[in-house]
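The values are calculated or read from the model by the stated rules, or taken from the named source; none is laboratory data. This one's a predicted model, so the numbers in the text were calculated from it and none came from an experiment. As a convention, Cβ positions derive from the backbone with ideal geometry for all residues, glycine included, and neighbour counts pool all protein chains shown.
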């Protein structure tokens, strides 16, 4: 008679009965769950396109997000302050999947029990944000006038004629960002246990024990941020004037005429930076074990032969034989990896005429490339600092593994029985044959051990220096020159 039971994740149960050589019960449980989500958003931006001129004047703050302005003639923006930001398109997704199961079996006739269980879980998530930068494009001049600050995020300004940005406060050309992140996690575990004992018709016994556990964990993460720098391009002269500070992050300035950047405070041409990081971690463990013991039946010797007076020998009995077997296995492994990069993109100024950079405070050029058909002049009321834009990358790998196994077999040899004579002492009888027991098995022992480790590290560094090139020479004038 047999019985089977199964339970599903939705709560349904199923029972089956049958007949067979043994009587037993087996129960099984299974569960699977899965979920996923996805979302996205697309920026809604404004587009202004005219064949003539665009003139926008406001007494308050003018905020533009990813706005595109195109005009056949001039474009003029006037406000107390201007914030020209980049819009964003976003995407995100996530998923979670779990599988679990367990089985229990009982064999009543053979006196054995087996239990097994398994669990697996995987999670994934990812998100990204893409910058939608705005821009001004005109066939004529582009002019931006503010009483306060003027900020541009990844904005591209193109003028067929002159380009001029005049702010009573600060002028900032910041880099927009494209970002992305992801994370994957996987967990696994399983266990198996078996215990059994079965008797034999000859009076012997057989036992078996088992135990095995496995587990694993894996996680991977990645993130990146890419700079989207702005630019100013003009067919005629290009000028940026700030009452406060003027800052440019990876900005490209290009002028068909003269190019001028002046600030009452500091002037800084900084490198835009794009970064990325990845990290992987994994570990796995395994533990085993098993033992088995078997007792075999005794042997029986033949009757002894008749002696000189006709006496007969006794009956010999051989002792039983026991075999023991052990197994073992231990495994452990782990890995860790990491990589990162930081890439610098310096600003640049190109002019068909002269280039003039002046500040009332300090002037800083980081990996900036300046090239002029005429003269290049850099001045500061404080210090002129020219430094390298440094890009770096590094990677690290660490790994370890441990493996071991042990197997031992112990056998008790059979001992022959000795017959007992029934003949009188005066007349020796023929020796009684020994009883025959089970033959002995050869003992075996196995031992293994292993281990490995790794450590790898790499790094790189590249430099982009600041260069000043003028067809009519280069001059640097500072209250406290520094390089």
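Observations
- Subset of the range 343-399 (residues that are assigned to a loop (DSSP other than H, G, I, E, B) and buried (at least 22 other Cβ atoms within 10 Å of the Cβ)): 346, 347, 367, 368
- Qualifying residue in the range 447-457 (condition: within 30 Å of residue 346 (Cα to Cα), in contact with a strand residue (DSSP E or B) (Cβ under 9 Å, 6 or more places away or on another chain), surrounded by fewer than 12 Cβ atoms within 10 Å (Cβ to Cβ) and modelled with pLDDT of 60 or more): yes
- Members of the range 183-239 found to be assigned to a loop (DSSP other than H, G, I, E, B) and at pLDDT below 95, listed by number: 200, 201, 202, 203, 204
- Selection within the range 384-411: residues that are at pLDDT 95 or above and farther than 28 Å from residue 339 by Cα. The member of this set that is farthest from the chain's Cα centre (by Cα) is 384.
- Any chance residue 337 is part of a strand (DSSP E or B) and closer than 29 Å to residue 396 by Cα: yes
- Qualifying residue in the range 290-312 (condition: modelled with pLDDT under 55, in a strand (DSSP E or B) and buried (at least 17 other Cβ atoms within 10 Å of the Cβ)): yes
- Residue tally, condition assigned to a strand (DSSP E or B) and over 30 Å from residue 232 (Cβ atoms), over the range 107-156: 17
- You will find that of 465, 367, the residue that is out of contact with any strand residue (DSSP E or B) (no Cβ under 6 Å at 6 or more places or on another chain) and at pLDDT 95 or above is 465 and no other.
- Test: residue 260 is touching a strand residue (DSSP E or B) at 6+ places or on another chain (Cβ under 8 Å), at pLDDT 95 or above, farther than 30 Å from residue 349 by Cα and not in a loop (DSSP other than H, G, I, E, B): no
- Considering residues of the range 62-82 that are touching a residue at least 60 places away in the same chain (Cβ under 8 Å) and surrounded by fewer than 17 Cβ atoms within 10 Å (Cβ to Cβ) only, the residue nearest to residue 148 (Cα to Cα): 80
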